[in-house]
Each structure stands twice: as structure tokens, then as C-alpha cells.
1. Given (1) hydroxyl-bearing (Ser, Thr, Tyr); (2) assigned to a strand (DSSP E or B); (3) within 9 Å of ligand 1 (Cβ to nearest atom), where does residue A:71 come up short, assuming only one miss?
2. Can you say whether residue B:177 is facing chain A (nearest Cβ under 10 Å) and either in contact (Cβ under 8 Å) with a residue 40 or more places away in the chain or among the acidic types (Asp, Glu) (or both), as far as the supplied structure shows?
3. Among the listed residues B:11, B:86, identify the single one that is within 30 Å of residue B:247 (Cα to Cα) and surrounded by 13 or more Cβ atoms within 10 Å (Cβ to Cβ).
4. Is at least one residue of segment A:145-158 within 16 Å of ligand 1 (Cβ to nearest atom) and closer than 24 Å to residue A:127 by Cα?
5. If you go through segment A:124-156 one residue at a time, how many are free of Cβ contacts under 8 Å to residues at least 40 places away in the same chain, within 13 Å of another protein chain (Cβ to nearest Cβ) and not polar (S, T, N, Q)?
6. In segment A:16-68, what residues are within 14 Å of chain B (Cβ to nearest Cβ) and either more than 9 Å from ligand 1 (Cβ to nearest atom) or of a type in the set (S, T, N, Q) (or both)?
7. Would you mind finding the one in A:225, A:194 that is away from ligand 1 (no atom under 15 Å from the Cβ), under 26 Å from residue A:21 (Cα atoms) and away from chain B (no Cβ under 14 Å)?
8. Of the residues that sit in segment A:74-122 and are in contact with a strand residue (DSSP E or B) (Cβ under 7 Å, 6 or more places away or on another chain) and part of a helix (DSSP H, G or I), which one is farthest from the other protein chains (Cβ to nearest Cβ)?
Amino acid sequence: MNPAGSTSSSVLALRDVSKNFSTRRGELNAVTDIRFDVREGEFVCVVGPSGCGKSTVLNLIAGLDRPDGGSILLDGRPVDGPGPDRVVVFQEGALFPWMTVSENVGYGLKVQKVPAEELDQRVEKVLRLVHLDRFASSYIHELSGGMRQRVAIARGLVLQPRILLMDEPFNALDTQTRDLLIEELRAIHSEIRNTVLFVTHNVREAVYLADRVILISFRPGSVRNIFKIALPRPRDPDNPELEAIVRGIVGELHEEVEKAVAKEFGP
Amino acid sequence: MPKNSVHNRLLFQSLFYVSALGLWQVLAFAGLLPEKLLPAPSRILGTLAFNAGLKSFWMAIGSSLMRIAAGYSISVAAGLAMGFALYRFRALQETLSSLFLALQAFPSICWVPVALLWFGVNDAAVIFVVVFGSVFAIAVATNQAIRNVPPIYLRAAATMGSRGWHLYREIIFPAAVPNILYGLKLGWSYAWRTLIGSEIIIAGFGLGRLFQEGQKAGDMSLVFAVNVIVLAVSLLVDFGVFGRIEREIRHRWGLEGSG
Ligand SMILES: Nc1ncnc2c1ncn2[C@@H]1O[C@H](COP(=O)(O)OP(=O)(O)O)[C@@H](O)[C@H]1O
Ligand SMILES: [Mg+2]
């Protein structure tokens, strides 16, 4: 470890990151002193009460927004604007309705001027990975919500980003579809070992998927605790050990939620 | 919508128009309508048939169509460019967008005297009026359409590395197409009205000349016959061209049944 606390294999490093928004009610200190690392091949989940700044952090990493303080390093270099090395999978509605499934997935490669033949091959391969190869020529509105999010994931994966950023990607789905996609995401990660930062408010989901779970505190958003999940994979969601970890994190999360409720609805 | 109900609606519509025309014909036949002012459909049809044998009639239609094609093409190209320029350059947005909005509402016939003094009595004058009568509607609608592109598309494209010209061509423009199409349709109807209006005022041109002839000769059936041509072109473009494109887009985007 160097003095900054990062190891040589860390893909992403956040150092005392803060972000303010000016709102009608004045300056809002959304997140402050955010500090964590994500290592190569790691699956890291971020949980926290609604409004604690999870999306804010993700957008800063994506380069869609600029921090007011601190630094964000990707492979040791400061992040400057959005780029295909940090693709975001959004909650919903981010697919392009005028393109087919394969055009959506191939779009990022087209931007990079990947030759047509290679592009087709890579799109086909990633569509097989998310089990959508039969729907390559469908338009987005012809797909179910679960299939759409699989397209969104494929669209990110095909670019082989250094880190895949996911902002509550399964929120708009029913529980059954959600469970199915979580399982698929787990299988994909165990196959290709990509680096993932996954935002969710579902602790059980986080513990099931993650190597580490980062709990963000409420206003100002800051890292409250980082839980290392050492359970072997594939994990059994009903495993009592997993249960115990979930209970521990949920307990801390509730304290933050109560803080949030007090601040939002209190005097 | 189920196919059946589409068929039923079409049937109902044609039934309505056929009986309206039938009623008109019967009333005219019974001598209940002033023939000089409101000739029977059969007479209008006869005049159309007669004129269809005259070369000058087709020349008149052809020359009007040439002018609308020229004027509308210029309007589309310039309107799209202006709409994009306003979006791209904030200074233009802040200065010109209100002017364009005002010019969109400006009565296009007011450009006729300007055109006559600048160009004289010729094609260029008519085309100028057509362009000025329609280009602002297209520019304003295009600008609105682009500004209303959901930001999530731009953010998603940005994280995939898209920017600059590529972002405009592959994301912003196609995302705005449904609303841009609305502007093009509006621009078309402005252009067509303006063309006929200015041809009648400036006279001696295309369909406007035929109107003049009918009016001078007191030949109401000719006036109506030309009206039929004007209406036919409107319908053809609205349903045959814009309707088709619109259906294709609605189908692709999955917008069917939402309006
Ligand atoms: N663009 C913005 N302008 C003003 N306030 C914002 C903006 N984006 C987020 N916020 C505020 O910052 C806080 C954190 O938001 P967000 O990151 O979306 O939370 P989360 O994703 O954890 O629910 C919230 O209080 C939210 O209202
Ligand atoms: Mg959020």
C-alpha cells in the first residue's frame, strides 16, 4: 500500500471526493470525503438510503459530472469527462428506440470505428452472453423490461470497459425478472471477471453479488462502512451466514434511513 | 387498433363523402343551387376532363409543382440548418429564436411586395415568398425538437464515447426525428398555401394563372376544378408522403396507439 491507501491493482480510486449542488433552498452538500477503491475484477456494491448521493457518485465516476473537491483516478489517471472505459447502465429508458437491439449494442463500437466484421462478431458474442441473440433485429419497444435491461448490460459489456457502472439497473422490474437478471449478472461476472460498481438499495442483492459492500451515510453522503463479503460462490441466498451479514448491514442502513427521514420530514 | 375497425372507419368516411357529393349533385340537378356560383360536381368533373386534354393545363400544374419543389427544398435545408445552429450556438438561441418565432406567425403574403421589388415578376419572387413563408416554422420546430431530446440519450451516448459530429448525426438528429417531421409537415402546408396565394396575387403563374382565367371568364367550374387540383396535391403529400413516413417511424419506435 502506498500512502494514499491504494494498491497497485486498483482500477478505480476515489480520494476525498465531494460534490455540491446549488438548489433553490441554497447550497446542498450532496457527498463529501468519499474515499474508496475498486480492484481489478472486483464486484463492488454501493448501498445507502434514497437521496444519500449514490447516483451522484456514479455520475462523477462516469465523468458526466465534475467533483467540487478531491480526485477520481482510473488506473491512476484522473478522470476527465465521460468515456467508454466507464460505461453506465442506467435504471431505464436509456436505450435508443430508433435502433435495433444489435444497433444499440454495436453503437459504442461504431463510435470507436471498429471494423464492421469485428463489430458484428463482438455484438453477436455479447448478445449470446445475455441470451438475446434471437432478438438482434428487434426494436426496443418489442422487448420486455427485463430484456431491455439485458440489452443495456450488453451495450456496456461489449465495450469491455475498465469498470462497468450500474445505477439501480433492475429497479423498474418485477421481483421475478429482477431475481433472474441478478442471477445472470452473477453468472456473467463469474465467467468474464469484469470489474463492476453496482448501486442498489437492496442489501440482500448486494450481499449476494458483491465482494465488498460500501454503505453510504445520509447527508452529507460519505462512506460509513465497507463490508467484505468472503462467502464462497455461487452463494445460497438462504445461507444463514449470508442472512447474518445482511442483518448486520440492514441494521446500519436503518440508522441512516432514520436520519434521512428525520432530516426530510423533521423540523 | 384492430384491422377491422380501420376498415369500418374507412368505409364510413367514404360513405359520408359520397353521399355529400350525391346530395350536392341532386340539389344542383333539381335547380335548387345557383349554377353560376355553385356548379354541380358533374360539371366540375367535366371541366377537369376537358382541361386534362389541354397542354397548357398540365404546364400550369407542372410549373406550380416545380416552384413548390424548389421553394420547399430550400426551406427544409435552411430550416434544419437554422434549427441546429440555434441549438449549437447559445448566442443565436438567445437572440434569434424570438425573431424566428415572430416570423413564423408573420403573414407570408406580406413578403409579396418585398419579393416583387427585389426580384421583379418572376419565378424567383414566388420561390422567395414560399421560402420565407415556411422556413421559420421548420427552423422553430427543429430547434424545439432537438431541445426536447431526452437528456438520458445524450448521457448514455456520452458514456459510450460519442461526442461532436457523431453525437449530432447518430443520436440527437434521429432522436428528434419524430418532432422534426411534425415541423416539416407544418412547413409543407405553409409552403403550399403561400405558393398558391402568391401565384394568385402575382398572377400569370401556374395554378394561380388558371384561377385568374376562371375568375375573368366568370367560369366557376374552372375555379372549382383548380381547387380540386390544389386539394388533391395537399392530400397526396399529406397522406402519401408524410403519412407513410410517420407510420414507419411510429412502427419502429413503438408509438402506435399513443395518439
Ligand atoms: N442535478 C442536481 N441538482 C440539485 N440537486 C441534486 C442534483 N442531483 C442530485 N441532487 C440531490 O443530491 C442528493 C443525492 O442525490 P442522488 O445522488 O440522486 O441520490 P441517490 O441516488 O442515492 O438516491 C439528493 O438530495 C438530490 O436531491
Ligand atoms: Mg439514484
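1. Condition not satisfied by residue A:71: (3).
2. Yes.
3. On the way: B:11 fails: surrounded by 13 or more Cβ atoms within 10 Å (Cβ to Cβ).
Exactly one of B:11, B:86 is within 30 Å of residue B:247 (Cα to Cα) and surrounded by 13 or more Cβ atoms within 10 Å (Cβ to Cβ), namely B:86.
4. no
5. 1
6. Those that are within 14 Å of chain B (Cβ to nearest Cβ) and either more than 9 Å from ligand 1 (Cβ to nearest atom) or of a type in the set (S, T, N, Q) (or both): A:55, A:56, A:59, A:60, A:61, A:62, A:63, A:64, A:66.
7. A:225
8. If we take residues in segment A:74-122 being in contact with a strand residue (DSSP E or B) (Cβ under 7 Å, 6 or more places away or on another chain) and part of a helix (DSSP H, G or I), then A:85 is farthest from the other protein chains (Cβ to nearest Cβ).
Values in this text are rule-based calculations from the coordinates and carry no lab data. Predicted model, so just to flag it, every value in this text is computed and none were measured. Positions of Cβ are generated from backbone atoms using ideal geometry, with glycine treated the same way; all protein chains shown enter the neighbour counts.
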